[in-house]
Amino acid sequence: MSAEAAEPPETAEPPASVRAAEPGGRPGSVRERVRAELRRARTALVLFAGVRATGLLCTAAWAWHTGRHPRTLLGGSWDSRWYLNIALHGYGAPVPAGMWPDLPGADLAFFPLYPWLVRAVGTAAVPVGAVNAALLVSWTAAGVAAWGIHAVGERLHGRRTGTLLVVLWALLPQAVIESLAYTESLLTALSAWSLYALLTRRFLRAGVLAATAGLARPNGLAVVAAVGAGVAAELWRRRSGRAGEGGGRGPGLRPVAAVLVAPAGWLGYVLWVGARTGGGPLGYFGVQELWGSRFDFGRDTLREIRHLVLLGAPPVHFMTIAVVAVALLLYALLVLDRPPVALLVYTTVLVALALGGTGYFPSKPRFLLPAFPLLLPAARALARARIRTAVPVATALAALSLGYGVYLLAIASLPL
């Protein structure tokens with residue numbers, strides 16, 4: 001009997017709409033529930049840690065081969081230096097030599113949650129120094145993100161799909177970002193758990209997590225939009241007389257409170273920057289102009305792609321085109337899959353912000369990193385595939401991700 005014939009079929013799962021309506025709570029203490037969720041995610045987390053550890057070893061080996069320290073590459077590249085400068089000296093400090101743009105107020109483009117955490121870990125909780133603290137925060141956030149991604153995937157389509165969703169996220173071409181002192185992993189962690197809270201009708205928790213995510217990155221706005229969409233869908237169900245399906249949680253005011261709380265972080269920082277710069281409510285967008293960033297509905301992206309195709313460019317740019325193309329294909333498949341409205345809105349906003357904004361073109365794959373729901377169609381397909389199909393696909397993705405990660409970080413020497 002072949003391995004494929006011996007393999008048990010994937011357990012049938014109820015539709016996403018039914019699973020999303022199941023009660024989210026379980027008996028027992030919070031500690032017991034956390035332990036149970038960790039046990040269910042154990043395989044996914046072990047695989048994620050193995051992939052990222054292998055990526056770190058590959059990067060370290062190449063760094064030592066070229067006479068550089070791995071910590072410098074991982075914790076002191078490009079945007080990491082801005083975050084470290086803010087963590088050490090606060091906003092408005094002199095820009096260190098060699099950092100662009102050397103303009104007053106340029107550091108205000110970077111949201112404050114990550115520098116706050118780096119400062120807390122590096123000076124109070126664990127006195128390990130700023131670079132080590134930054135990496136510790138990022139790696140911890142990546143692990144929490146993987147756990148949250150598994151929780152969302154398992155909730156929607158079962159444990160196997162949840163595990164493969166985590167593996168695919170770890171094997172993205174741009175997944176090396178998950179190992180750097182960058183903020184994408186932090187945003188993904190907060191987003192995944194906020195989405196999970198929405199799926200299990202813990203609306204106030206989702207709103208608080210969205211508010212926190214709004215302090216992490218500009219595109220944290222996507223989580224805010226997801227909370228609004230999830231609450232609107234819930235209120236529509238209640239109005240239609242279906243609120244009792246799956247046992248709605250808590251009093252009716254909690255969803256409304258979630259909507260009010262969710263934008264607090266993002267809006268609070270944007271308004272603070274406007275007050276600090278004297279630019280009013282739109283002052284933050286003036287800071288973004290210093291970096292050449294604005295929203296033009298994708299015209300700059302299309303112009304960049306046409307320019308690269310006609311005139312040629314380094315491999316990083318062509319990989320960016322490939323990632324963008326695959327992301328659009330996966331988005332179309334996700335729409336056809338009819339996911340919960342909160343996930344669809346979250347992903348739509350992230351894709352729109354990543355592809356519709358101007359700025360450094362090769363950074364677009366990084367901006368798409370938190371859009372993990374894009375991988376749901378692929379994860380479901382792999383969950384249904386035979387082992388002899390899934391293993392070669394995963395191996396090829398691993399080779400691409402690890403090899404390209406080393407190239408991107410240690411060889412290309414281009415901003416990420």
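For the range 93-111, a residue qualifies if it is within 17 Å of Phe285 (Cβ to Cβ) and not aromatic (Phe, Trp, Tyr), and the qualifying residues are Pro101, Leu103, Pro104, Gly105, Ala106, Asp107, Leu108, Ala109. Tell me, yes or no, whether the range 33-50 has at least one residue that is basic (Lys, Arg), more than 20 Å from Ala410 (Cα to Cα), modelled with pLDDT of 85 or more and touching a helix residue (DSSP H, G or I) at 6+ places or on another chain (Cβ under 8 Å). Yes: the range 33-50 contains one or more residues that are basic (Lys, Arg), more than 20 Å from Ala410 (Cα to Cα), modelled with pLDDT of 85 or more and touching a helix residue (DSSP H, G or I) at 6+ places or on another chain (Cβ under 8 Å). If you go through the range 288-336 and keep only what is modelled with pLDDT of 75 or more, hydroxyl-bearing (Ser, Thr, Tyr) and outside any loop (DSSP other than H, G, I, E, B), you end up with Thr320, Tyr331. Within the range 185-201, the residues that satisfy the criterion of being within 25 Å of Leu56 (Cα to Cα) and either surrounded by fewer than 24 Cβ atoms within 10 Å (Cβ to Cβ) or among the hydroxyl-bearing types (Ser, Thr, Tyr) (or both) are Ser185, Thr188, Ser191.
Number of residues in the range 354-373 that are outside any loop (DSSP other than H, G, I, E, B) and under 19 Å from Leu209 (Cβ atoms): the value is 2. Only one of the numbered conditions (1) surrounded by 20 or more Cβ atoms within 10 Å (Cβ to Cβ); (2) not in a helix (DSSP H, G or I) is not met by Pro127, and that is (1).
Each residue in the range 162-176 was checked for being surrounded by fewer than 23 Cβ atoms within 10 Å (Cβ to Cβ) and closer than 14 Å to Arg42 by Cα, and 0 of them qualify. Of everything listed in (1) under 17 Å from Trp169 (Cβ atoms); (2) surrounded by 20 or more Cβ atoms within 10 Å (Cβ to Cβ); (3) not polar (S, T, N, Q), the single unmet condition for Ala390 is (2). Does Ala225 satisfy the condition of being touching a residue at least 60 places away in the same chain (Cβ under 8 Å), in a helix (DSSP H, G or I), surrounded by fewer than 24 Cβ atoms within 10 Å (Cβ to Cβ) and among the hydrophobic types (A, V, I, L, M, F, W, C)? Judged against the criteria, Ala225 is a match. Being of a type outside the set (A, V, I, L, M, F, W, C), at pLDDT 90 or above and either assigned to a helix (DSSP H, G or I) or farther than 22 Å from Thr59 by Cβ (or both) holds for only one residue in Arg380, Arg388, and it is Arg380. Any residue in the range 206-217 that is among the basic types (Lys, Arg), touching a residue at least 40 places away in the same chain (Cβ under 8 Å) and either surrounded by fewer than 24 Cβ atoms within 10 Å (Cβ to Cβ) or in a helix (DSSP H, G or I) (or both)? No; the residues of the range 206-217 include none that is among the basic types (Lys, Arg), touching a residue at least 40 places away in the same chain (Cβ under 8 Å) and either surrounded by fewer than 24 Cβ atoms within 10 Å (Cβ to Cβ) or in a helix (DSSP H, G or I) (or both).
From the list Ala142, Ala130, the one residue that fits, being under 13 Å from the mean Cα position of the chain (by Cα) and among the small types (Gly, Ala, Ser), is Ala142.
The values are calculated or read from the model by the stated rules, or taken from the named source; none is laboratory data. All of these numbers come straight from a predicted model, not from anything done at the bench. No Cβ is skipped: glycine too gets one built from the backbone with ideal geometry, and neighbour counts run over all protein chains shown.
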